[in-house]
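Bear in mind that the values in this text are calculations on the coordinates, not laboratory data. Quantities reported herein were computed from a predicted structural model and do not represent experimental measurements. In this analysis, Cβ positions are derived from the backbone assuming ideal geometry, glycine residues included, and neighbour counts consider all displayed protein chains.
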Amino acid sequence: MNSVYFPSHPIQSLHRSTPPLRPHFLSHSIHFNNFSRTHLPITPTTTPSLRYLCSSQSNETSPISVLDFEEFVEKDWSFLECDALHALESRNRIISAGEVGAGSRVLVSIGSEEFVDGLVGCCRLGFLLVVHDSLFVLAGIKERYDGVKCWQGEIVCVPDKWAPFDAVFLWFLPALPFELDRIIGVLARICSSGARVVISHPQGREVLNQQRKDNPEVVVSDLPDKVTLKKVAANNSFALTGYIDEKGFYLAVLEFCKSDFSE
């Protein structure tokens, strides 16, 4: 699949008289890069739609073919939306498990807009990267929070240039088409010492099983049990420090034990 790169100019300039730049087609994944040099505090911003960003004309460059986003076949992620009150309580438990604080560098895989809202609101993060399969979910996040870096692609392909991370949230692990050992092995390469990897499902296994029946094209695996987690953690210099598998909620926390980031 081609990729789209949004030039690193302040997105607010699109509201001015200066004509915005058109996207360029690059390599495998679609990247929504930061439009400002400062990362956080991340504040909501009103920006043009993705379609506007991808169809606007620049007087400084010759015409470039524009990718019609209607040609993308998007998976339906709406089933991840749950009861607001229940979702808020579960979301807060999951975020707390990551022990993020001021200046933390955080990676979120398959995160919802609501989950990003919670992270942005919890403290002054140092850096927040959201990785997702859905171009439109990422576009929605980017429109709300200009300081969040969004990357369309697979968690196992996240570039090392954004590492190290102090916390990683695998918000919806069952949507990732990779063996758990491979995922955790990749995270071991980009995590800082003491980093926490949080695997979660805000509604638990029972709801996940129904989601898998209803959305087999999206939900491709199950949540790992405690024995599997301990084995995978030990193989990749992690330790299982927390595990909750109850009706209506699932949470597992792995802590990185290695002293140095990357090798």
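R0 = 22 Å: FRET efficiency of residue 182 with residue 160, Cβ-based, nearest 0.05?
With R0 = 22 Å, the Cβ-Cβ based efficiency is 0.85.
Which peptide among 151-164, 205-218 comes first, and what is the full order, when sorted by highest mean count of other Cβ atoms within 10 Å?
Put in order of decreasing packing, that is 151-164, 205-218.
Arrange the peptides 186-198, 223-235 so that the one whose residues have, on average, the most other Cβ atoms within 10 Å appears first.
Highest-to-lowest ranking by the protection proxy: 186-198, 223-235.
If you take every residue apart from residue 129 with its C-beta less than 13 Å away from the C-beta of residue 129, what net charge results, scoring Lys and Arg +1 and Asp and Glu -1?
Result for the local shell: +2.
Where the Cα atoms of segment 78-256 are projected onto their three principal axes, how long is each span, largest first, in whole Å?
Extents along the principal axes, in whole Å: 36, 36, 27.
Sum up the charges of everything whose Cβ sits under 10 Å from the Cβ of residue 222, counting Lys and Arg as +1 and Asp and Glu as -1, but leave residue 222 out.
+1
Assuming 0.36 nm per residue, please report the length gained on full extension of the stretch residue 96 to residue 234 beyond their Cα-Cα distance.
47.3 nm is the gain from fully extending residue 96 to residue 234.
Within segment 127-170, which residues have the backbone N less than 14 Å from the label spot 7 Å out from residue 113 along Cα→beta-carbon, could you tell me?
It comes to 135-146, nothing else.
Could you list the residues of segment 165-200 with an amide nitrogen less than 20 Å from a label point located 7 Å from the Cα of residue 212 in the Cα-to-C-beta direction?
Inside the label zone: 170-184, 199-200.
For residue 242, which sequence-distant residues (separation of 5 or more, or a different chain) have an amide H within less than 5 Å of its own amide H, given hydrogens modelled in the peptide plane?
Counting only residues 5 or more places away or on other chains, the set is 253.
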